Amino acid sequence: MSRYQELCDSFEWADAWEAYDGEKDGWFNIGHEAVGRHANGERRDKLAVRVVDFADGDVDEVTYGELDALAGQFINYLSDLGLSEGDRVATMLE
């Protein structure tokens, strides 16, 4: 626990920002940081998400590249519905 407290005491946002690609002016695109930067880099073909359907045991695996493409399709779908940058969207899953 003392190591945790040391990390908390020494934490600086300026240092944390260095690990990300995004803007350094306080804006943060979580979609890019969580998926896009990996999909456009050496992790493109690496596993990003594994979904297990516990009812029937089916397993789906999606790479960062595939997830980025799916996200793009979802963005296009929302755009077709009339949404644009800055609109807020909420989703619900089972």
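The values are calculated or read from the model by the stated rules, or taken from the named source; none is laboratory data. None of the values given here were measured: they were computed from a predicted structure. Backbone-built Cβ (ideal geometry, glycine too); neighbour counts: all protein chains shown. Calculation scope for accessible area: heavy atoms of the full protein, side chains included, ligands and nucleic acids excluded. Shrake-Rupley method; radii C 1.70, N 1.55, O 1.52, S 1.80 Å.
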Label-point gap, in nm, between residue 75 and residue 9 - each point 7 angstrom along Cα→Cβ: 4.3 nm
Solvent exposure of the chain as accessible area per residue, Å², 1.4 Å probe: 89 Å²
Would you mind computing Rg(Cα) / (2.2 N^0.38 Å) for the chain, counting N as its residues? 1.42
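Ranking request for peptides 3-16, 40-53, 60-73: highest mean number of other beta-carbon atoms within 10 Å first, then the rest in descending order. Don't skip to the end; give the middle numbers.
Details: 3-16: 8.3, 40-53: 11.9, 60-73: 14.9.
Descending packing order for the listed peptides: 60-73, 40-53, 3-16.
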Counting only helical runs of four or more DSSP H residues, what would the 222 nm mean residue ellipticity of the chain come to if each run contributes -39,500 (n - 2.57) and the total is spread over all its residues? -10000 deg cm²/dmol
Using θ = phi - 60° and the Karplus curve 6.51 cos²θ - 1.76 cosθ + 1.60, what whole-Hz ³J(HN,Hα) does each residue of the stretch 55-60 get, with Gly and Pro shown as x? 5, 10, x, 5, 10, 10
Rounded to whole Hz, the Karplus (6.51, -1.76, 1.60) HN-Hα couplings of the stretch 30-44, x for glycine and proline: 5, x, 5, 5, 7, 10, x, 5, 7, 5, 9, x, 6, 8, 3
